[in-house]
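Below is one structure, written out as structure tokens; the observations come after it.
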Amino acid sequence: MNQIFDFLFGQYTEYSTLDISLEITAVLFGIASVFFAWFNKIWVYPTGLVSTSIYVYLLLKWSLLGDMMINAYYFIMSIYGWYIWTRKIDETHTTPISRTSSKEKIIEIIIFIATLIFVYIVYKTFDKWNDWTAYVDTLTTAIFFVGMWLMAKRKIENWIFWIIGDVISIPLYFYKGFTFTSFQYLIFTIMAIQGYLAWKKSLDKTLVTV
């Protein structure tokens with residue numbers, strides 16, 4: 001039993017109590033944020049702001065630049081998404097769940113490619129492009145950037161990007177030594193699948209009544 005515990009959490013013996021507490025706090029607020037997204041509740045954004053702000057600090061401290069940029073971007077997009085979700089399209093209705101248009105699909109591709117290039121430049125600039133995790137980190141950053149943009153626009157396809165990125169992040173964070181965050185992404189994957197199904201049901205119901 002001790003061997004299993006050491007395998008999963010042994011790396012935390014080198015971390016300060018403050019950093020461990022902050023990571024756990026960020027994980028809890030991150031899970032809460034996805035939970036609220038699942039049920040299409042505006043609280044996805046204030047809880048997400050808490051989680052991402054903590055991760056920006058921790059990941060910058062741990063020199064994980066791609067991950068840090070993801071969370072900095074999340075923080076900015078959470079403010080934008082908070083505005084979009086509460087903005088009324090008329091006197092009684094706010095922005096509804098919808099599917100991406102052809103124009104938005106082009107924007108997705110542009111965001112994805114631009115993110116790949118930008119993160120690569122950052123890694124090369126800081127001489128961090130020296131491990132296979134940098135390649136994976138760059139890929140997941142691009143995936144999550146698109147996912148966050150789509151969620152801010154309340155597009156159902158955001159869940160597809162979250163699921164793909166979350167699945168990749170589970171072993172990536174475990175390898176990096178952040179077991180709590182790895183478990184978080186496992187939970188995120190399950191919740192993202194449920195979130196997609198819930199949004200699809202809501203969208204289908206809306207289309208039927210139109």
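So here's what we get for this one:
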{"item": "Fewest-first ranking of 131, 166, using other Cβ atoms within 10 Å as the exposure measure", "result": "131, 166"}
{"item": "Other-chain or far-sequence residues with amide H under 5 Å of residue 94's (modelled H)", "result": "89"}
{"item": "Unit charges at the beta carbon, dipole of the chain: most positive-side option, 206, 25, 186", "result": "206"}
{"item": "Charge sum, other residues only, whose C-beta stays under 12 Å from residue 63's C-beta, Lys/Arg counted +1 and Asp/Glu -1", "result": "-1"}
{"item": "Unsatisfied cross-links (Cα-Cα over 23 Å) in the set 61/124; 124/153; 103/128", "result": "124/153; 103/128"}
{"item": "Kyte-Doolittle mean at least 0.0 and Cα axial length at least 24 Å: DSSP H helices in the chain", "result": "17-38, 44-61, 65-86, 102-125, 132-152, 158-176, 179-209"}
{"item": "Answer label for Rg/Rh (Cα atoms, Kirkwood Rh) (calculated), chosen among (i) 1.07; (ii) 0.93; (iii) 0.99", "result": "(iii)"}
{"item": "The chain, helix-only ellipticity at 222 nm - DSSP H runs n ≥ 4, -39,500 (n - 2.57), divided by all residues, nearest 500", "result": "-27000 deg cm²/dmol"}
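Here, each number is a calculation from the coordinates, and none is a lab measurement. Since the structure is predicted, the reported quantities are computational estimates derived from the model, not experimental observations. FYI the Cβ positions are ideal-geometry reconstructions off the backbone, even for glycines, and counts take in every protein chain you see.
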